[in-house]
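Worksheet: one structure, shown below.
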Amino acid sequence: MNILGIESSCDETSFAIYNEHNGILANILYSQIKLHQPYGGVIPELAARDHIRALIPLLNQALAEAQLTRQDLHGIAFTAGPGLIGAVLTGAMFARTLALALEIPAIEIHHLEAHLLAPLLEAEKPSLPFLALLVSGGHTQLIAVNRLGEYKIVGETLDDAAGEAFDKTAKLLGLPYPGGAPLAALAEKGVSGRFIFPRPMLNKPNLDFSFSGLKTAALTAIRSFPTLDEQTRADIAKGFEEAVIETLVVKTLKAAKSLGFSSIVIAGGVGANKLLRESLKNAAEKQNISVHYPRLSYCTDNGAMVAYAGYLRLKAGQASPLEVNVRSRWDITSLSTIV
Ligand code: KG4
Ligand code: ZN
């Protein structure tokens, strides 16, 4: 069975093909970052228009790389939300129409569920149940996963998402959008301990996060210098990154221990952060908790995770109806179990 996966929820268009025996055969990504960079963030209308330009060439590239034709496809999975509605709609309409023309099923996929299942594409898969730390540009959630499709949010951010905090602080430091990866690269040149930012909510008994104060703390530090030299910028980036990552690590371990999980999954764009991957793994292993994360290209937005989630749902007989349902907001706890 070959499932095509289409991702178009934000500023990346991606087409991938998952084969039930051989795994991912192709994962083609086109990033719109350069288009949005002059504006310092994603412009939804430009994003939607640019997706339209990329859809057909990316489909052809994915098929060529997988050495398949359209007739070899057995289902088409597409991100139906949450995301920028115009952007989601382009991929959804394309997917639905192509599926109709090829007389194969289409499967609506929840973007965050796709992120969350991405670690299952790796050889060393987490076994169920697991606790997922979902950290993307728009979400920071701790999700208890007892069965596939059955998600319980046990903690989440009360304000900014971790990725959003990275992006906003990066902007303050004069780094391009999206700022997570450039900020992490700058932090590598920074000295640890020169700037110590607060670790928000660490002393609260619940499992929630708050990152908006941290961005303000970084702003206060930046403003305390008439001009920022390169080392100071790097030191602030370091202090900021350490504060966000320590908060994520401590809260995630607290959640795993208090809820009895021996397996943790990191998913979403911020999951590409090296410090997060290393520190959560080191801290968890000391407590006999295993940590799983996907390769970098499956952390940030990609079609592979959508194709895989589609495969799981199609195998469970869950093709979607003919109408196109897209959602800018979509509660992950409302999904049906994959059996
Ligand atoms: O999952 P994703 O690709 O898109 C959403 O669904 O939001 O996540 C994008 C977010 C952005 O905020 C980006 O700055 C952040 O992930 N990100 C990182 C790193 N790479 C991407 N944040 C910290 N460190 C990184 N290495
Ligand atoms: Zn995403």
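Once the piece of chain linking Arg295 and Leu100 is laid out straight, how much longer is it, given 0.36 nm per residue of separation minus the C-alpha distance between them?
Value of the extension gain: 66.9 nm.
Could you please state how large a percent of the accessible area of the chain is carbon and sulfur, counting protein chains only and using a 1.4 Å probe?
Ligands and nucleic acids excluded, carbon and sulfur reach 54 percent.
Taking each pair of distinct Cα atoms in the chain once, what is the resulting Kirkwood hydrodynamic radius in Å?
Computed over Cα pairs of the chain, the Kirkwood hydrodynamic radius comes out at 20.4 Å.
Please arrange Met1, Met305, Met93 by accessible surface area, largest first, computed with a 1.4 Å probe and ligands excluded.
Putting Met1, Met305, Met93 in descending order of accessible area: Met93, Met1, Met305.
Classify segment 197-325 as rounded, prolate or oblate from the Cα gyration tensor: take a ≥ b ≥ c as the square roots of its eigenvalues, call it rounded if a/c is under 1.5, otherwise prolate when a/b beats b/c and oblate if not.
Verdict is prolate for segment 197-325.
State, to one decimal in nm, how far the label point of Ile85 lies from the label point of Glu285, with both points 7 Å from Cα in the Cβ direction.
4.7 nm
Rolling a 1.4 angstrom probe over the protein chains, ignoring ligands and nucleic acids, what is the accessible area of Arg295 in square angstrom, nearest 10?
110 Å²
Top to bottom by accessible area (1.4 Å), largest first, where do Glu103, Glu7, Glu230, Glu164 land?
The residues order as Glu103, Glu230, Glu164, Glu7, largest area first.
With only Lys, Arg, Asp and Glu charged, each at its Cβ (+1 for the first two, -1 for the last two), find how big the charge dipole of the chain is about the Cα centre; round to the nearest 20 debye.
Approximately 600 debye in magnitude.
Need one word for segment 54-114: rounded, prolate or oblate. Basis is the Cα gyration tensor (sqrt eigenvalues a ≥ b ≥ c); a/c below 1.5 gives rounded, then a/b vs b/c decides.
prolate
Ignoring everything except DSSP H segments at least 4 long, calculate the 222 nm mean residue ellipticity for the chain; use -39,500 (n - 2.57) per segment, divide by total residues, nearest 500.
Rounded to the nearest 500, the figure is -13000 deg cm²/dmol.
Specify which residue in the list Leu275, Met93, His111 is farthest towards the positive end of the charge dipole of the chain, using unit charges on the beta carbon of Lys, Arg (+1) and Asp, Glu (-1), about the Cα centre.
Farthest towards the positive pole: Leu275.
Sort segment 268-316 into rounded, prolate or oblate with this rule: let a ≥ b ≥ c be the square roots of the eigenvalues of the Cα gyration tensor; rounded if a/c is under 1.5, and if a/c is not under 1.5, prolate when a/b is larger than b/c, oblate otherwise.
Since a/c reaches 1.5 but b/c is at least a/b, the shape of segment 268-316 is classed as oblate.
For Met93 and Leu259, calculate 0.36 nm times their separation in residues minus their Cα-Cα distance, and state this gained length in nm to one decimal.
55.7 nm
List the residues, sorted by chain then number, that are 5 or more residues from Ile338 or on another chain and whose placed amide H is less than 5 Å from its amide H.
The list, which skips near neighbours in sequence, is Leu148, Gly149, Glu150.
Quick one: work out the % antiparallel among DSSP beta bridges in the chain, nearest 5.
60 percent
The values are calculated or read from the model by the stated rules, or taken from the named source; none is laboratory data. Just so you know, these numbers come straight off a predicted model, no measurement behind them. Heads up, the Cβs are rebuilt from the backbone with ideal geometry, glycines too, and the neighbour counts pull from every protein chain shown. Quick note on the areas: whole protein, heavy atoms, side chains included, nothing else; ligands and nucleic acids left out. Shrake-Rupley method; radii C 1.70, N 1.55, O 1.52, S 1.80 Å.
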